[in-house]
Amino acid sequence: MSSVIESHVRPYSDLGIVVGARPAATLLLRHESDAAATSNTPDLSSPQLDASPDRGTAALEPDIQMASVQENLWGDHQQPLGGWAKRLLDLLVASTALILASPILVLIPLLIKATTGGPVLFVHRRIGFNGKVFDCYKFRTMVPNAEEVLQRHLSCDLQAAQEWAANQKLKCDPRILFFGKMLRKSSLDELPQLFNVLRGDMSCVGPRPVVADELQRYGAAAHEYLKTRPGLTGLWQISGRNMTEYSHRVLLDTQYVQTWSLLRDFSILMRTIPAMMKFDQTS
């Protein structure tokens, strides 16, 4: 099965990612001053979020504008949020879901090949627990030259460019194929991420997996994001998904980590199926 591997992890002046032998990474999200950048004590304050309608990013107070997550911040013994209990739940849910969804996992690739041709899988680099970069799997829903189409569209449409800058999504996305829209509306395009869960890259419940440039939007809240594996579902998916602003999504991810419990994971999983039926809230 062929795949499209596209990585948007690029060097940034204000975001450095170093992936070594250990899964931890060094992430420097903001520089306030030379003195702050060389400090050995990262600011782990809670984010002060501005969820005003005309803002898509989190507005942070000056004293928490710099958050660095260092490789030795937690140590080698640090486990993802929830430890073995959450991991056991992930393995149980993911393996069961794969068995139940196996006919769909065979049918969808055949339909993609028949209707659009080209690769079946879209593989994207995302940031996971402790800053580890991993390949996130999805069924391909876009044209093969999706990045080129996006840049051309944003350069010609100012309103679309503003929408993308605010939410990293477009309500009318020219990259998405007809069959791809059906997959996205039903969230079936994310079924291959069950393999990410089995591999330990993701969890069944957690923050939405982000790319490197998106992590900058989290500000000091990136410290909370990096404590856990990204999730196949989460508070964002059951709280309106594309109807919510990006700053609210950051707030939901932070809230999830700070108030985690196994019982809440069960609750989110149970509420995910009804949320998937609200097709008007998906891209």
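So here's what we get for this one:
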| quantity | calculated |
| --- | --- |
| All positions within segment 110-130 that are of a type outside the set (Gly, Ala, Ser) and open to solvent by less than 50 Å² (accessible area, probe 1.4 Å) | Ile112, Pro119, Val120, Leu121, Phe122, Val123, His124, Arg126, Ile127, Phe129, Asn130 |
| Unique residue being open to solvent by less than 40 Å² (accessible area, probe 1.4 Å) and assigned to a helix (DSSP H, G or I) when the list is Leu183, Leu251, Leu263 | Leu183 |
| The one condition in (1) open to solvent by 30 Å² or more (accessible area, probe 1.4 Å); (2) closer than 30 Å to Ile104 by Cβ that Trp164 fails to fulfil | (2) |
| Index of the failed condition, Asp173 passing every other in (1) within 18 Å of the chain's Cα centre (by Cα); (2) under 27 Å from Glu245 (Cβ atoms); (3) surrounded by 17 or more Cβ atoms within 10 Å (Cβ to Cβ) | (1) |
| Verdict on Ala166 being hydrophobic (A, V, I, L, M, F, W, C), part of a helix (DSSP H, G or I) and under 21 Å from Arg184 (Cα atoms) | yes |
| Val133 vs. criteria modelled with pLDDT of 95 or more, surrounded by 17 or more Cβ atoms within 10 Å (Cβ to Cβ) and more than 16 Å from Cys204 (Cα to Cα) | yes |
| Verdict on Leu107 being out of contact with any helix residue (DSSP H, G or I) (no Cβ under 7 Å at 6 or more places or on another chain), buried (at least 18 other Cβ atoms within 10 Å of the Cβ), part of a helix (DSSP H, G or I) and without any contact (Cβ under 8 Å) to a residue 40 or more places away in the chain | no |
| Meets criteria (more than 24 Å from Ile108 (Cβ to Cβ), of a type in the set (Asp, Glu) and either touching a helix residue (DSSP H, G or I) at 6+ places or on another chain (Cβ under 9 Å) or surrounded by fewer than 16 Cβ atoms within 10 Å (Cβ to Cβ) (or both)) for Asp157 | yes |
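Listed here are the residues, each with its yes/no results for (1) free of Cβ contacts under 8 Å to residues at least 60 places away in the same chain; (2) over 14 Å from the mean Cα position of the chain (by Cα).
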site	(1), (2)
Leu183	no, yes
Ser186	no, yes
Gly219	no, yes
Pro230	no, no
Gly234	yes, no
Ser239	yes, yes
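The values are calculated or read from the model by the stated rules, or taken from the named source; none is laboratory data. Since the model is a prediction, treat every value here as computed from it, not as a measurement. Don't worry about glycine lacking a Cβ; one is built from the backbone with ideal geometry, like all the others, and counts go over all protein chains shown. Quick note on the areas: whole protein, heavy atoms, side chains included, nothing else; ligands and nucleic acids left out. Shrake-Rupley method; radii C 1.70, N 1.55, O 1.52, S 1.80 Å.
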